[in-house]
1. Every residue in the range 1-52 that is part of a helix (DSSP H, G or I), in contact (Cβ under 8 Å) with a residue 24 or more places away in the chain and of a type outside the set (D, E), please.
2. Can you tell me how many residues in the range 112-155 are farther than 12 Å from R94 by Cα, in contact (Cβ under 8 Å) with a residue 60 or more places away in the chain and surrounded by fewer than 16 Cβ atoms within 10 Å (Cβ to Cβ)?
3. Going residue by residue through the range 10-31, is there one that turns out to be surrounded by 12 or more Cβ atoms within 10 Å (Cβ to Cβ), within 17 Å of G108 (Cα to Cα), in contact with an Asp or Glu (Cβ under 8 Å, 6 or more places away or on another chain) and not small (G, A, S)?
4. Among the residues of the range 93-111, is there at least one that is farther than 30 Å from E153 by Cα, surrounded by 11 or more Cβ atoms within 10 Å (Cβ to Cβ) and touching a helix residue (DSSP H, G or I) at 6+ places or on another chain (Cβ under 8 Å)?
Amino acid sequence: MDYIPITEEGLGKLKEELERLKTVERPKIIKAIEEARAQGDLSENADYHAAREKHSFIEGKIQELEDKIARAKVIDKSQIRSDKVVFGATVRVRDEDNGKELTYTIVGEEEVDLSKNRISVKSPIARALINKGVGEQGEVITPRGERYLTILEIKFE
């Protein structure tokens, strides 16, 4: 069984979502199914079929979250001592093509938030930077060609 690297914050969000599905969404959809059943003939009851479909989706999502939580391996960023880019690093880079400076935080797939520049450890940018230090370049292959990112700073916050 492969583990899923995640921060404490990310694991907390998964647990909150699981709890919400179990305590709010599941009871709500079960009630909707019961109400639809009370309407009579189920073969032509669109409300019943829609509720059953939503119930199936919620149960699948619950199973998925339980699996991810069971396989989660919490990485404590404050305990990382590295001069290289690894999971949990916040990396400031310069795009050598346009001179722009960008900052990315390398996180698990469950914590990706592009609006906050939180990218997956499995993303092309992260893979290009992993195990490199300040001053080194990572080559990112994009549909428009190669991009070269020079690492300016590595922090663990």
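1. First, pick out the residues of the range 1-52 that are part of a helix (DSSP H, G or I): 8-37, 46-52.
Retained after the next criterion (residues that are in contact (Cβ under 8 Å) with a residue 24 or more places away in the chain): 8-11, 13-15, 17-18, 21-22, 25-26, 29-30.
Selection gives G10, L11, K13, L14, K15, L18, L21, K22, R26, I29, I30.
2. Residues in the range 112-155 being farther than 12 Å from R94 by Cα, in contact (Cβ under 8 Å) with a residue 60 or more places away in the chain and surrounded by fewer than 16 Cβ atoms within 10 Å (Cβ to Cβ): 1 in total.
3. Yes - at least one qualifying residue is present in the range 10-31.
4. The initial filter retains those residues of the range 93-111 that are farther than 30 Å from E153 by Cα, namely none.
Within the range 93-111, none of the residues are farther than 30 Å from E153 by Cα, surrounded by 11 or more Cβ atoms within 10 Å (Cβ to Cβ) and touching a helix residue (DSSP H, G or I) at 6+ places or on another chain (Cβ under 8 Å).
Only the coordinates and a few stated rules stand behind these numbers; no lab work does. Just so it is clear, the structure is predicted and the values come from calculations on it, not from any experiment. Reconstructed Cβ throughout: ideal geometry from the backbone, glycine too, with neighbour counts over all protein chains shown.
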